[in-house]
Structure formats: C-alpha cells, structure tokens
Amino acid sequence: MKGTVVTHIVENSTDTFSENRILELQDDDGMTLWFGRYFYKDICVTGICRMVKLWIFWDCAGNYLGIQLDEKDPLTKSDHTPFEPEDYIRLDQILADTLSILKSLRYEDLVTDEITQPELDDNRNLMALFEVDGYSSATSPTLKEYVVKDAVYTCYTLWHTVYGETRAHIDDILESRIDAAYVKQLLMKESENHKIFALDIIRRENSFLSECDFMVLPLVGSLDRNISEKALLAITPQYLSSPEKQLQFVNLMDHALPEIKYEIIYKMQLVDKVSTAAVALLLDKFMSGKISSGGLNQIFKIISKQELLNKGIVNNREIESRLTQLSNHPDAYTANLTRNFMKSIR
C-alpha cells in the first residue's frame with residue numbers, strides 16, 4: 001500500500017520491550033490509512049515466559065485492523081504446536097471484540113488449578129508443565145468459548161495489547177486533528193472506514209452536522225447498511241426541526257434500503273413539530289409504493305402526535321384529502337386501517 005509513513009514516539013511507555021514508536025501510513029491527502037506498532041510481548045505462566053514478536057495494526061479510526069507475524073516465528077499453543085489457519089481467524093475475531101470478557105479479567109482468572117504445585121528443583125519434566133499456556137492449569141470453563149483452544153494466555157495478552165497504551169496514544173493523535181475540515185475530508189473518502197469514522201465524530205460532536213449536512217444526508221440512502229445506519233444516528237430530531245430539512249430527509253426514502261425507510265419514519269416520530277408538508281409527503285411515499293402497510297401505521301403515529309400538539313392537522317386540506325383517498329384504497333387492509341385511524345382521532 002502506497003503512502004507516506006509518519007512516526008509517532010510513545011513517550012514514557014510502560015512496555016519497555018517493544019518499539020517505542022507508532023508508524024502511521026497516510027495517503028496523498030494526509031489522511032490515515034493505518035497505524036502500526038511492533039511488539040515484543042512476554043506470555044508467561046508461573047514465571048516461565050516465551051517471547052512473541054508481531055506487528056499490530058489499527059485502522060484510520062483506531063479500530064483493530066490485524067496482526068502480522070514472521071512466517072518463521074508463528075504463534076504456538078500449549079503443546080508447542082503452531083496455530084492453525086482457523087486459530088488465526090478465531091484470534092482475529094477475539095481481538096476485534098472491544099467488549100470481550102477478557103477486558104475485565106486478571107491474569108490469575110484465566111485458569112483453574114488442576115494439580116498441586118510440584119517440587120521444581122532440577123526436574124525438567126516437571127518444568128515442562130509450566131511452559132506458556134501449559135498443562136499446569138486448565139482454561140477456566142467459562143472462558144473456553146471466548147479464546148483459542150490451548151492459547152488462553154496468548155489471547156489475553158494480545159487483547160490487552162491491542163486496547164492498551166498504544167490504542168490510547170492513537171486516540172490522542174486522532175482527537176487532536178478533529179475539526180470541521182477534517183470531518184469533511186473523511187466524508188469525501190471512498191472507504192467505508194473513513195466515512196463511518198466521520199459519522200461517529202458527528203454523532204459525538206453534533207455541532208459539525210450543520211457544516212457537513214450536505215455530505216451526511218445522502219449517506220442515509222447508501223446501499224451500505226453500516227453507512228446508512230451511522231448517518232441516521234448522526235441526524236438528530238433537533239436538526240429536523242426545520243420544515244425544509246424535514247422534506248429533504250423524507251425524500252431520502254426514494255433510494256434507501258427497505259429497513260432504512262422505516263428508520264426514517266421512526267426518526268420523524270421523534271421530531272416535536274412535523275410540518276404538514278412533511279406529513280403529506282410521507283403519505284405520498286406510501287401511495288406511490290415507497291412504503292409498506294406497516295410503514296403507514298407508523299406515519300399515523302406521527303399524525304396522532306401532531307394532532308395532540310397541533311390541533312386540526314387532520315383537517316388540513318392536504319392531509320384530509322390524502323386520508324380520504326387512503327380510506328377508499330383498493331387494498332382492504334389499507335382502507336380499514338385508515339378508517340379506524342380517522343375514527344380514533346375525531
């Protein structure tokens with residue numbers, strides 16, 4: 001992958017064995033592609049340790065991206081056999097889990113003792129019992145489904161390395177760059193990771209939405225569900241207080257995924273004052289086949305709420321005309337649903 005490498009020094013690192021620098025690969029626009037750090041990690045049981053050497057990488061938002069090892073120095077299990085391909089896949093899943101059970105555990109919580117402490121003296125056979133992820137103890141039964149088999153200490157050590165001081169340092173680097181211009185640059189990138197990072201920033205710092213809304217709103221209609229859901233989360237009911245913005249928002253249904261269309265309606269239900277034009281547009285979307293019958297019922301909930309706050313909305317000529325059409329709809333379910341709704345609010 002091409003780009004410019006930037007070096008960040010980790011000052012006062014608690015990890016005295018590993019490289020004290022984080023490498024960042026930036027693209028031609030100066031935007032992060034990844035961060036990486038080379039680690040030397042001791043994985044120990046009862047004082048006997050094995051050194052693991054590997055690169056760990058994080059993406060543009062500081063999320064775990066992957067590991068890289070020397071082919072000649074693979075990870076090994078308790079019986080000293082190397083990890084199989086499926087073990088690396090499982091390890092990758094574990095390291096990507098920010099809420100892993102490993103987060104709250106201590107080293108001594110990882111195993112349950114199965115034998116008494118032997119007399120170590122000069123007996124090498126007994127010493128072998130205490131090698132990394134060895135047989136002196138068994139993995140706690142409650143942990144087995146959360147770790148690679150026979151590699152509980154490796155999983156634990158690497159998880160805490162991924163989410164330790166390096167991740168905190170990366171977060172500080174990224175936080176120092178955040179402003180409206182930076183968020184716009186992220187949104188302009190093609191990659192999903194950059195866009196989602198920008199949307200997460202906007203959700204956290206909603207003041208950026210007004211400056212970036214022209215880039216955020218179209219993402220609600222993205223065919224990438226991760227992006228469309230994040231874009232919806234970034235749009236607040238307060239932002240939709242403007243009648244003009246309500247119309248823009250509802251019109252995003254035209255190209256949105258089916259499940260996102262419902263989310264657009266749910267978001268409109270949270271708006272304190274929905275304009276009659278927006279309500280009429282929602283009803284038009286249903287009549288043009290953009291919304292299912294289930295969606296119509298949710299639109300009626302918006303009208304009910306507005307009727308409580310704005311008496312007479314159902315008597316508005318535009319709304320009344322559409323409700324009358326729906327009460328005579330050829331689909332019996334739609335017609336009955338509308339008639340029952342009209343009776344309930346009279």
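Considering only the range 254-285, how many residues are touching a residue at least 40 places away in the same chain (Cβ under 8 Å) and surrounded by fewer than 20 Cβ atoms within 10 Å (Cβ to Cβ)?
Within the range 254-285, the subset touching a residue at least 40 places away in the same chain (Cβ under 8 Å) is 260, 264, 276-277, 279-280, 283.
Now narrow it down to the ones that are surrounded by fewer than 20 Cβ atoms within 10 Å (Cβ to Cβ): 276-277, 280.
Counting residues in the range 254-285 that are touching a residue at least 40 places away in the same chain (Cβ under 8 Å) and surrounded by fewer than 20 Cβ atoms within 10 Å (Cβ to Cβ) gives 3.
Can you confirm whether Val216 is of a type outside the set (Gly, Ala, Ser) and modelled with pLDDT under 95?
Details: of a type outside the set (Gly, Ala, Ser): yes; modelled with pLDDT under 95: no.
No, not satisfied.
Please indicate, with yes or no, whether at least one residue in the range 70-88 is part of a strand (DSSP E or B), farther than 25 Å from Leu187 by Cα, within 28 Å of the chain's Cα centre (by Cα) and at pLDDT 95 or above. Steps first, answer last, please.
Taking the range 70-88 as the starting set, the residues that turn out to be part of a strand (DSSP E or B) are 76, 82.
Keeping just the survivors that are farther than 25 Å from Leu187 by Cα gives 76, 82.
After this cut, where a residue has to be within 28 Å of the chain's Cα centre (by Cα) as well, the list is none.
No, the range 70-88 contains no residue that is part of a strand (DSSP E or B), farther than 25 Å from Leu187 by Cα, within 28 Å of the chain's Cα centre (by Cα) and at pLDDT 95 or above.
I'm checking my understanding of the structure. Among residues of the range 223-246 that are in contact (Cβ under 8 Å) with a residue 12 or more places away in the chain and acidic (Asp, Glu), which one is nearest to Ile202 (Cα to Cα)?
Here the residue is Glu229.
Can you spot a residue in the range 223-246 that is in contact with a Phe, Trp or Tyr (Cβ under 9 Å, 6 or more places away or on another chain), surrounded by fewer than 18 Cβ atoms within 10 Å (Cβ to Cβ) and under 20 Å from Leu199 (Cα atoms)?
Yes, some residue in the range 223-246 is in contact with a Phe, Trp or Tyr (Cβ under 9 Å, 6 or more places away or on another chain), surrounded by fewer than 18 Cβ atoms within 10 Å (Cβ to Cβ) and under 20 Å from Leu199 (Cα atoms).
Can you find a residue that is under 39 Å from the mean Cα position of the chain (by Cα) and surrounded by fewer than 13 Cβ atoms within 10 Å (Cβ to Cβ) anywhere in the range 310-320? Before you say what the answer is, go through the steps one by one.
Narrowing the range 310-320 to residues under 39 Å from the mean Cα position of the chain (by Cα): 310.
Checking the rest, the ones that are also surrounded by fewer than 13 Cβ atoms within 10 Å (Cβ to Cβ) come to none.
There is no residue in the range 310-320 that is under 39 Å from the mean Cα position of the chain (by Cα) and surrounded by fewer than 13 Cβ atoms within 10 Å (Cβ to Cβ).
Out of everything in the range 58-69 that is over 17 Å from the mean Cα position of the chain (by Cα) and free of Cβ contacts under 8 Å to residues at least 60 places away in the same chain, what residue ends up being surrounded by the fewest Cβ atoms within 10 Å (Cβ to Cβ)? Spell out how you get there, then give the answer.
Taking the range 58-69 and keeping what is over 17 Å from the mean Cα position of the chain (by Cα), we get 67-69.
Filter once more, keeping what is free of Cβ contacts under 8 Å to residues at least 60 places away in the same chain: 68-69.
Details: Gln68: 10, Leu69: 14.
Of everything passing the filter in the range 58-69, Gln68 is surrounded by the fewest Cβ atoms within 10 Å (Cβ to Cβ).
Can you confirm whether the range 27-38 contains a residue that is surrounded by 14 or more Cβ atoms within 10 Å (Cβ to Cβ) and acidic (Asp, Glu)?
Residues of the range 27-38 that are surrounded by 14 or more Cβ atoms within 10 Å (Cβ to Cβ), as a first pass: 27, 31-38.
After this cut, where a residue has to be acidic (Asp, Glu) as well, the list is 27.
Looking for residues that are surrounded by 14 or more Cβ atoms within 10 Å (Cβ to Cβ) and acidic (Asp, Glu), one finds at least one in the range 27-38, hence yes.
The values are calculated or read from the model by the stated rules, or taken from the named source; none is laboratory data. The structure displayed is predicted, hence computed values, not measured ones. Because the Cβ atoms are built from the backbone with ideal geometry, glycine has one as well, and the counts that use them run over all protein chains shown.
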